[in-house]
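The values are calculated or read from the model by the stated rules, or taken from the named source; none is laboratory data. The model shown is predicted, which means the values in this text are computed figures rather than measured ones. Because the Cβ atoms are built from the backbone with ideal geometry, glycine has one as well, and the counts that use them run over all protein chains shown. Side chains included, ligands, DNA and RNA excluded: accessible areas come from the protein's heavy atoms. Shrake-Rupley method; radii C 1.70, N 1.55, O 1.52, S 1.80 Å.
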Amino acid sequence: MATSYFPTFLLLLFLSSFTLLLVTLLPSVVPSIPFRSSSPPSPWPPRSCGPGQSWAVQLHAGPHHEEEDGVQRSVLLDIIANRVAEQAGLQNQGQIGQLEGHYLLCSVNPNAGSVGDRKSVQPGDVLAAHPHVLWYSQEKVLSRSKRSMAFNDPQYPKQWHLHNDINKGMDINLTGVWELNITGRGVTVVVVDDGVEHTHQDIQPNYSPEGSYDLNSNDPDPMPHPDVYSDNHHGTRCAGEIAAVPNNSFCAVGVAYGSKVAGIRVLDGPLTDSLEAIAFNKHYQVNDIYSCSWGPDDDGHTVDGPHPLGKAALQHGVIAGRRGFGSIFVVASGNGGQFDDNCNYDGYANSIYTITIGAVDEKGRMPFYAEECAAMLAVTFSSGKDHARSIVTSDWSMRQGTGCTEGHTGTSAAAPLAAGMVALMLQVRPCLSWRDVQHIITFTATECDSSADWRVNGAGFHHSHQHGFGLLNAWRLVNAASVWEPVPFLVSYQSTVIKEEAPIPTYPDELIRTWNVSAAELRQSGMETLEHVAITVTLTHPCRGSVEIVLVCPSGMMSIIGARRVIDRDPAGYQDWTFSTVRCWGERAEGQYTLKISDHKEPSSMKCAAVGVLKQWKLSLYGSSMTFSEVKERQRLVEEAMSGKYLDSSFSLPCPPGLDIPPEIVNPFTSNNLKFLLLLGCFALFWSLYYMLEVTLAHLDLRVLVCLRRRWGRHRARRGRRGRGVEDAEVEEDGEEEEVDSGVELHAVLDSEAKAPFLSGERLVT
């Protein structure tokens, strides 16, 4: 029984071994089974495919199979791919992605470079000669790098405000914008300051002489002049923050390194109202953004700002600058925080025509020097205290300067960063108006300090007296600019001047005044929503720093527009001083506005014991016809754009051409030029006189003068002979004979001198 099954067992064992041998020797037969997986083949070679061991081929089935349907053609191509791989000594790894007819072939033995025992035949030779191969390529490892920004500027790694690797998120979120080649190209930022060292290697390639001027010396060159204290490097540092060129192996990189930077030198000398007005409008069809990191004294008791001409220049700049889109004025909020100063007492920061920028340290907190105010629009990074890092930027090379610094500080360093970010916005959307820029900052700034007095107003915007609407974010600014439609024209409303003699009570009592703005009053201007709200006040007080002024908008949003200042003991009070706030931005303009004034004087102070008096006040509203629902719709659109989809695509909104502004009349003859021309003219006159005298003397024959003298002597002698005696006449005749003899002798000498050259010439010839 057992013996009858033995041959059958041997037969089954033989068949199993033979099948296993076929599977081992013919692995390429398996993919030829007409079964296709629903999932696409992997485009990556297996681990056995080392560098240089994979081949990509494009195959065709031949002219007889072109009319077959897709499934049959794919099956046939799979069979052909297996045959080609076998003939070339390779293994078919399947179709490459979704590319029909494209296959990836891999060496079976990575160490084998030839087919079988035919050492001279390479896979490339087989593929090149195969009739079903349209194209083939031996794959190589490609060199690809992530599109992260890398510069060879040695101090760039220390520019934490551009890319913070220690405190993640505590930077201006800029590198993603750079990766899209948005660098401020086509925009000019002018630094109004103490000069710009435009020969600096970080500034010179981006320097704009067309937008520059020196108002202190009245010439076109804004080069700073070294002074005793060596502090005229302020403007150069600010310019480096904005437009320092990258990849020059020196110092650092500017925020808008593709922009142009100009300089107006005005702070290195006596500053007058007229000089300031000229600076604000200088080359305002060339310069787009004016960066001003200066202002009145930050001493806690100064109340000052632009005077009439400066105010008029700011207004004219936003109307006529940039072909009617308006010059953009970026100002620093001030560094008087240690004196409890407030930027509402700074007329530049308080103006509706400027963008007021404050500072935060590397942790996003308010530094000791920063000022609060209700007019602040936003903040950006700068220095802190103790060991906090400061801003790295270019520096002047004069007075043993190194050309680079790690110690740029204060709101002076914050304002240029903001100006650079505005330049990025203008590259994306050149027709943004000065008010468009203010709106975009309001819509995109982010909260940065949980300890600040953040309040959400009636339009949904968050604002604090310490940080404005929040921290500037370059990515958000640029994305919002790409989809921003121009806001309607600016409209305003002004109440009548309310004159009174109202005493200011001591806190907690308050002097309360209200003003109701009706829809009928707003209908004339068409105002719907607010931007800036201002109160112009005249009051007297023996210590004006004790007075606190609060404005409440119809929504209930409260603004401290006149903060207390302990140091301010000035008895002058406020004379027509305008306090402004942006905390009611986007709210409905209609409603009741409340003014609250209180006196916080110390009871023990005899100097401040007298009662203050409110003399007059006036309410001013600035806004547009944009409705409240349109404000909310813009907020939604801006947040939708934050993904970057509009920057990545070819999306572009049309830009109007702007106004046809007459070109600026430039007088080529400055006072220095006229002085130089005068000196040059005087030199030319004296040289001409000297030359004429020299030529005259050189050609004058002195012998003629001798003859004229003797003739004049004879003439006088003849006139003297009249009335004389005979003896005198004889003596005179003898004298005449001597003169004749001497004359003969003179002619003889002259004849000999005249013949001398000819004689000498004869000698030379002979």
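Would you call Gly612 touching a Pro at 6+ places or on another chain (Cβ under 8 Å) and open to solvent by 10 Å² or more (accessible area, probe 1.4 Å)? Against the criterion (touching a Pro at 6+ places or on another chain (Cβ under 8 Å) and open to solvent by 10 Å² or more (accessible area, probe 1.4 Å)), Gly612 does not qualify.
Among the residues of the stretch 207-259, those identified as open to solvent by 10 Å² or more (accessible area, probe 1.4 Å) and in a helix (DSSP H, G or I) are Pro209, Glu210, His234, Arg237. Based on what the data block shows, is Asp268 crowded, with 20+ Cβ neighbours inside 10 Å, modelled with pLDDT under 95 and of a type in the set (Asp, Glu)? It is true that Asp268 is crowded, with 20+ Cβ neighbours inside 10 Å, modelled with pLDDT under 95 and of a type in the set (Asp, Glu).
Can you give me the ranges of the strands (runs of 3 or more DSSP E) entirely in the stretch 490-571 with at least 2 residues that are open to solvent by 10 Å² or more (accessible area, probe 1.4 Å) and free of Cβ contacts under 8 Å to residues at least 60 places away in the same chain? Explain how you work it out, then say what you get.
Values: elements: 491-494, 498-503, 511-517, 529-540, 547-552, 558-562.
Here the list reads 547-552.
Of all residues assigned to the stretch 299-309, at least one qualifies as being charged (D, E, K, R) and not in a strand (DSSP E or B). Here is the figure for the stretch 452-469: residues that are closer than 21 Å to Gly334 by Cα, of a type in the set (Gly, Ala, Ser) and open to solvent by less than 10 Å² (accessible area, probe 1.4 Å) total 2.
Applying the set (1) over 21 Å from Tyr369 (Cα atoms); (2) open to solvent by less than 10 Å² (accessible area, probe 1.4 Å) to Leu472 leaves exactly one unmet item: (1). If you check Val177 against the conditions, is it in contact with a strand residue (DSSP E or B) (Cβ under 8 Å, 6 or more places away or on another chain) and not in a loop (DSSP other than H, G, I, E, B)? Answer is no for this residue. Could you please find all residues in the stretch 174-183 being surrounded by fewer than 21 Cβ atoms within 10 Å (Cβ to Cβ) and out of contact with any Lys or Arg (no Cβ under 7 Å at 6 or more places or on another chain)? Scanning the stretch 174-183 gives Thr175, Gly176, Leu180, Asn181. When restricted to residues that are crowded, with 16+ Cβ neighbours inside 10 Å and part of a helix (DSSP H, G or I), the stretch 615-634 contains 3. Going by the conditions given, is Arg83 at pLDDT below 85, of a type outside the set (Ser, Thr, Tyr), within 24 Å of Gly62 (Cβ to Cβ) and surrounded by 15 or more Cβ atoms within 10 Å (Cβ to Cβ)? The answer is no for Arg83. Residues in the stretch 112-171 that are of a type outside the set (D, E, K, R) and either closer than 19 Å to Gly52 by Cα or modelled with pLDDT under 75 (or both): 23 in all.
Of the residues in the stretch 597-626, how many are farther than 20 Å from Thr496 by Cβ and more than 33 Å from the chain's Cα centre (by Cα)?
Total satisfying the criteria: 15.
If you go through the stretch 334-341 one residue at a time, do you hit one that is touching a residue at least 60 places away in the same chain (Cβ under 8 Å), open to solvent by 20 Å² or more (accessible area, probe 1.4 Å) and in contact with a strand residue (DSSP E or B) (Cβ under 8 Å, 6 or more places away or on another chain)? Scanning the stretch 334-341 turns up no residue that is touching a residue at least 60 places away in the same chain (Cβ under 8 Å), open to solvent by 20 Å² or more (accessible area, probe 1.4 Å) and in contact with a strand residue (DSSP E or B) (Cβ under 8 Å, 6 or more places away or on another chain).
Determine, yes or no, whether Lys282 is under 24 Å from Pro205 (Cα atoms), in contact with a Leu (Cβ under 9 Å, 6 or more places away or on another chain), at pLDDT 95 or above and outside the structural domain of Ile549 (by the TED database). Yes; evaluated as a whole, the condition is true for this residue.
State whether the residues of the stretch 410-424 include one that is farther than 30 Å from Lys645 by Cβ, open to solvent by 30 Å² or more (accessible area, probe 1.4 Å) and of a type in the set (Val, Ile, Thr).
Here is the first cut: in the stretch 410-424, the ones farther than 30 Å from Lys645 by Cβ are 410-416.
Next, from what is left, pick out any that are open to solvent by 30 Å² or more (accessible area, probe 1.4 Å): none.
No, the conditions are met nowhere in the stretch 410-424.
With a requirement of 2 or more residues that are of a type in the set (Ser, Thr, Tyr) and not assigned by the TED database to the domain that holds Trp434, none of the strands (runs of 3 or more DSSP E) lying completely within the stretch 342-397 satisfies it.
Per the conditions (1) without any contact (Cβ under 8 Å) to a residue 12 or more places away in the chain; (2) open to solvent by less than 10 Å² (accessible area, probe 1.4 Å), the sole criterion not satisfied by Thr442 is (1).
Part of a helix (DSSP H, G or I) and either farther than 21 Å from Glu241 by Cα or in the same structural domain as Glu241 (by the TED database) (or both): is that true of Gln400 in this structure? So Gln400 fails the test. Out of all the residues in the stretch 337-359, is one or more closer than 17 Å to Trp434 by Cα and touching a Gly at 6+ places or on another chain (Cβ under 6 Å)? Within the stretch 337-359, one or more residues are closer than 17 Å to Trp434 by Cα and touching a Gly at 6+ places or on another chain (Cβ under 6 Å). For Val379, the stated conditions do not hold, so it cannot be described as open to solvent by 30 Å² or more (accessible area, probe 1.4 Å) and within 18 Å of the chain's Cα centre (by Cα). Before we move on, is Trp577 over 37 Å from the mean Cα position of the chain (by Cα) and open to solvent by 20 Å² or more (accessible area, probe 1.4 Å)? Judged against the criteria, Trp577 is not a match.
Within the stretch 382-407, the set of residues being touching a residue at least 24 places away in the same chain (Cβ under 8 Å), of a type in the set (S, T, N, Q) and crowded, with 18+ Cβ neighbours inside 10 Å comprises Ser382, Ser383, Thr393, Ser394, Thr405. Scanning the stretch 640-657 for residues that are under 12 Å from Ser482 (Cα atoms), open to solvent by 90 Å² or more (accessible area, probe 1.4 Å) and either part of a helix (DSSP H, G or I) or not hydroxyl-bearing (Ser, Thr, Tyr) (or both) returns Lys645, Asp648, Pro654.
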